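**Q** A single structure is presented below for examination.
What follows draws every value from the coordinates through simple rules; no lab data is involved. A quick note: this is a predicted structure, and the numbers were derived from the prediction, not measured. Virtual Cβ from ideal backbone geometry, glycine too; neighbours counted across all protein chains shown.
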Amino acid sequence: MSTPEPQLLAPAESVPNRPFTDTGHITGDFIVLDQIRATLLATVRALPVDPSPGTIFHPSEADGRAHRIVVLNRLGLLRDEPLALVGFFGQRRIDADPASLQGLDEELIDELRSHQAMLSYSSRELPCGGWANLVLLADPQGVRRWRESARHAFAVSQIAPHYYATIRIHNGALPGGLASPALIHTRTLYYDFGGSIWWQAVRPAQQA
């Protein structure tokens, strides 16, 4: 598959025939990310001691959908310091096999323990059948190091195109730490795997 350079989108620019890039999704996605943030905060605050890095929790959702939290650094999550965030929203292909991600998912979780800046990795099932992921890191440099890891690169190039039809990846920050609901959006990356040539784009946030 060919992977051309990402198209640069203006903050409010629309893209014909690619509804998953509608700017309204950014607002909706960040509402979901804030809900995940709140659940993560309640989970780590309720822990009597710091769990081993990579401990997995399964908080209950009212509608029964799956929600998994991987805690890498509880103390880091509870500090009142800025955190970097990555939000992932994937639209699953109609013929996608969930079992195809099982082995890779376990490997990715194991790899997270080796990234010092990684604080947590949350995954929540969406009503549409896709997934929302919230990754929190101690600093923006940690995002770059994680993105450049071999396992992450393999997942993006070899696994995601066969499981997801489209993907939105948001970069941002929690300037007041996990306890602050003020999620800041800095940019969004888009991937469309529907054709013989993968379409990619990047949209910077609207400046205040």
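**Q** For 49, 70, what ranking results if the residue with the fewest other Cβ atoms within 10 Å of its Cβ goes first?
**A** The order, fewest Cβ neighbours first, is 49, 70.
**Q** If you don't mind, another one. Measure out, as a whole number of angstrom, how far apart the alpha-carbon centroids of region 181-208 and region 1-47 sit.
**A** 7
**Q** Here is a follow-up. To the nearest µm²/s, what D does Stokes-Einstein give for the chain at 37 °C and 0.692 mPa s, using the Kirkwood radius over alpha carbon pairs as Rh? Working shown, then result.
**A** Numbers: Rh = 17.6 Å.
Approximately 186 µm²/s, per Stokes-Einstein.
**Q** Quick check on the exposure proxy: order 22, 50, 29, 63 from fewest to most C-beta atoms within 10 angstrom.
**A** In increasing order of surrounding Cβ atoms, one gets 63, 22, 50, 29.
**Q** Dipole of the chain (Lys/Arg Cβ +1, Asp/Glu Cβ -1, origin at the Cα centre): which of 202, 32, 177 lies farthest to the positive side?
**A** Going by the charge dipole, the pick is 177.
**Q** Please report, in debye to the nearest 20, how large the charge dipole of the chain is about its Cα centre when each Lys and Arg carries +1 at its beta carbon and each Asp and Glu carries -1 there.
**A** Dipole of the chain, to the nearest 20 debye: 240 debye.
**Q** Okay, next question. Please rank 55, 43, 23, 188, fewest neighbouring Cβ atoms within 10 Å first, as an exposure proxy.
**A** Exposure proxy ranking, most exposed first: 55, 23, 43, 188.
**Q** Let me ask you something else. Please report Rg (one decimal) and Dmax (integer) in Å for the Cα set of region 1-86.
**A** Values for region 1-86 (Cα only, Rg and Dmax): 17.7, 51 Å.
**Q** Only helices at least 30 Å long along their own axis, judged from Cα atoms, and with Kyte-Doolittle mean hydropathy of 0.0 or greater: name those in the chain from DSSP H.
**A** Values: long enough: 24-46 (34 Å, 0.69).
Length and hydropathy pass: 24-46.
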